[in-house]
Amino acid sequence: MNFGMGLTRVRFWDYFVGTALGIIVGTFIFTFFVGTVKDVWSSGQWGELISWKVFFSLALFVFSFFIPKIVERLKASPRVGVA
């Protein structure tokens, strides 16, 4: 991918910012989810699997699969009031 982008007219900073945003979002969500499950696992208190933190991290993880579709719809929607 990196080599292919080097052959196109995509500007370096556009590629850099796009890559950084994509990596940061996914890394944060995955790390938060795995960290939450690891905390419950290491504490041995399985009752904590039913907590807001676990449900929130799971929801973020599932939501991350829909981010490309959401961005696609936002790009395709007509903009009202933009000249």
The one condition in (1) assigned to a loop (DSSP other than H, G, I, E, B); (2) within 15 Å of the chain's Cα centre (by Cα) that residue 78 fails to fulfil: (2)
- request: Could you list, in sequence order, all residues of the range 31-46 that are without any contact (Cβ under 8 Å) to a residue 12 or more places away in the chain, within 11 Å of residue 61 (Cβ to Cβ) and not aliphatic (A, V, I, L, M)?
  value: 31
Which listed residue is surrounded by 10 or more Cβ atoms within 10 Å (Cβ to Cβ) and over 30 Å from residue 2 (Cα atoms), from 48, 72: 48
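No value in this document is a laboratory result; all are computed from the given coordinates. Since this is a predicted model, take the numbers as computed values, not measurements. Note: ideal-geometry Cβ built from the backbone for every residue, glycine included; neighbour counts use all protein chains shown.
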